[in-house]
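Bear in mind these aren't lab numbers, they're just calculated from the coordinates by the rules spelled out. Remember, predicted model here, so these are calculated numbers, not experimental data. With ideal geometry, Cβ positions are generated from the backbone for all residues, glycine too; neighbour counts draw on all protein chains shown.
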Amino acid sequence: MHLIFTSCHDVTSDMLVDRMAERVIRINNDRPQDHEIQVTHDGFRITDLHGRSVTETSLRTAIIRKPSPKTNETGDEAVHSFRETSAAHGSLLQLIEHAWPEKLPISPSRIREVTKFVQLHAAKGIFEVAPWAFTTHPGRSGLPEDIVLKTLSGMPFSTGDGNTSATFIYVQPAKISELADGYPWFLQQPIQARFDLTILYVDGKMFAQKLDRSTFPGLDWRKHIGTDMDAGWNNCAVPPVLASKIQAYMRALRLRFGRLDFLVKADDLDDSMFLEVNPNGQWAWMDLKMNNGIFDAVVAFLCRPA
């Protein structure tokens, strides 16, 4: 039996569960009422609403997907329940990684360790990377006047009243002279590019898609998810030189899975500028019809103990 740690709003998990059917149990940290969990010094047992169970003995792989970072419920009891459930799921994942690491295709500890600074440091000498800085004093960063603002945490935020939808900081242009000192800024020199390139790396296999940046306004395609822009992504081949660099980079970070993002000017993709790697990013949108090999490769990877 396979076990997916996620939340009830993750479409990728929905598609994985549909594909894996009776082989998988899904536990959502924002829906503790949907499963029974027992963890003791002897081990663990998790049972879902369908009566299916998994223990440390019957577990084949544990899959970390996308647990919710916050709850939309209000009231002390609901918030406490969410926090305790989330802590229990996280602790159980750590227990599995400690006691049965071969059952984790994607390592939670590697996800935590491969932060943005680590990614960018490892990329130096392998990829072309635009100058960047995290600074509380933008004027001393050494970057030019015209820069782009990015978010370091990658997390949405809200006003905290429990009823306000989350707001996300997208990549946007700015000027160094307009930014206040004493505030955390993650900045990068602008990259002039024709295409966004995203490459899913699955244990040595690579699946690439590119998007013409003229098909959407602004700098960040994520702002337009759910629009006609979604259909603009096209499958493409990874040039051998770039593939070799990606292999070297993923070995340096000790990652077997991840989605890498680049900006490129030319059709041949040889001038790719590295942006980031997400060690457990969304990928199902690259294969919504499950017909280009991505789902086959990912499911095979996630279901195979290391």
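Some observations on this one:
- Taking 0.36 nm per residue of separation and subtracting the Cα-Cα distance, full extension of the segment from residue 181 to residue 288 would add 34.1 nm.
- Put the Cα centre of the stretch 38-94 next to the Cα centre of the stretch 176-206 and the gap is 34 Å.
- Within-15-Å neighbourhood charge of residue 125 [Cβ basis; K, R +1; D, E -1]: +2
- Charge dipole (Cα centre; +1 on Lys/Arg Cβ, -1 on Asp/Glu Cβ; no other charges) of the stretch 2-104 amounts to roughly 340 debye.
- Simple Cβ-charge dipole of the chain, Lys/Arg +1 and Asp/Glu -1, about Cα centre, in debye nearest 20: 760
- For the stretch 91-144, the residue among 144, 100, 129 whose Cα projects farthest onto the positive side of the dipole built from Cβ charges is 144.
- Viscosity 0.692 mPa s, 37 °C: Kirkwood-radius Stokes-Einstein D of the stretch 2-104 over Cα pairs, µm²/s: 235
- 10 Å-binned pair-distance histogram of the chain (Cα, whole percent): 5, 24, 32, 26, 12, 2, 0
- Net length gained if the chain between residue 151 and residue 300 were fully extended (0.36 nm per residue, minus Cα distance): 50.3 nm
- Over the chain, DSSP H runs of length four or greater, each weighted -39,500 (n - 2.57), average out per residue to a 222 nm ellipticity of -7000 deg cm²/dmol.
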